[in-house]
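Here's the structure, in structure tokens; my notes come after.
The values are calculated or read from the model by the stated rules, or taken from the named source; none is laboratory data. Keep in mind it's a predicted model, so treat the numbers as computed, not measured. Note that we place each Cβ from the backbone using ideal geometry, even for glycine, and neighbour counts take in every protein chain shown.
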Amino acid sequence: MKRKLNVVVRKMSKIVIKEMTEKDIDEVIDIERKSFKTPWSREAFVKEVNENRLAKYVVASIHDKVIGYGGIWLIIDEGHITNIAVHPDFRGLGVGNLLVEALIDICRERGISRITLEVRKSNDIAKSLYKKYGFKQCGVRPGYYSDTKEDAIIMWKEM
């Protein structure tokens, strides 16, 4: 059985950040498909939410409509951000900021000392977002993304 998050619900205007549940997954899949060339499957998200004890996922919603999501794996004293995406109709409103802040808050609550992630070399918007929160480029994974063979930039944040 999965433990409940102790994350404080954040609000920005009418945007609410809360723990992802299985009922959110269909809307998350819609965002995933609109955001990524190689989207995760519904089954992958169900496993992450229901079975992966290391995983924590949050959603951003307006009036109970999911408009973004983010996930992180908590492994000993490190966090690994797995994915963050915002529905195209809601980009530029600060939703990505709220999601990153929520994931950082989860790490603080758990005493996590470092957070890492990979981001496509071409994704300047995401790289700027992560840099805003203190993530620094620390390496490259050549050909990391199987769909395009694009390099991944490895970023780390020390808490």
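Observations
- One residue from Asp89, Asp77, Asp105 being surrounded by 17 or more Cβ atoms within 10 Å (Cβ to Cβ) and among the charged types (D, E, K, R): Asp105
- Residue within the stretch 77-93 that is at pLDDT below 95 and over 23 Å from Tyr133 (Cα atoms) present: yes
- Filtered residues of the stretch 1-37 (kept if out of contact with any strand residue (DSSP E or B) (no Cβ under 7 Å at 6 or more places or on another chain), at pLDDT 90 or above and among the hydroxyl-bearing types (Ser, Thr, Tyr)): Thr21
- Output for the stretch 130-158, where each listed residue is in a loop (DSSP other than H, G, I, E, B), in contact with an Asp or Glu (Cβ under 9 Å, 6 or more places away or on another chain) and in contact (Cβ under 8 Å) with a residue 12 or more places away in the chain: Tyr133, Gly134, Tyr144, Tyr145
Conditions tested, residue by residue: (1) surrounded by fewer than 18 Cβ atoms within 10 Å (Cβ to Cβ); (2) among the acidic types (Asp, Glu); (3) in contact with an Asp or Glu (Cβ under 6 Å, 6 or more places away or on another chain).
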{"position": "Glu19", "(1), (2), (3)": "no, yes, no"}
{"position": "Val28", "(1), (2), (3)": "no, no, no"}
{"position": "Arg33", "(1), (2), (3)": "yes, no, no"}
{"position": "Glu48", "(1), (2), (3)": "no, yes, no"}
{"position": "Val66", "(1), (2), (3)": "no, no, yes"}
{"position": "Ile72", "(1), (2), (3)": "no, no, no"}
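- Complete set of residues in the stretch 45-66 that are assigned to a helix (DSSP H, G or I) and out of contact with any helix residue (DSSP H, G or I) (no Cβ under 9 Å at 6 or more places or on another chain): Lys47, Glu48
- Annotation: of all residues in the stretch 145-159 being surrounded by fewer than 17 Cβ atoms within 10 Å (Cβ to Cβ) and of a type in the set (Ser, Thr, Tyr), the one that is nearest to Ile75 (Cα to Cα) is Ser146.
- Ile84 touching a residue at least 40 places away in the same chain (Cβ under 8 Å), assigned to a loop (DSSP other than H, G, I, E, B) and touching a helix residue (DSSP H, G or I) at 6+ places or on another chain (Cβ under 9 Å): no
- Restricting the stretch 108-129 to residues that are part of a helix (DSSP H, G or I) and either among the acidic types (Asp, Glu) or in contact with a helix residue (DSSP H, G or I) (Cβ under 7 Å, 6 or more places away or on another chain) (or both) leaves a set whose member that is surrounded by the fewest Cβ atoms within 10 Å (Cβ to Cβ) is Asp124.
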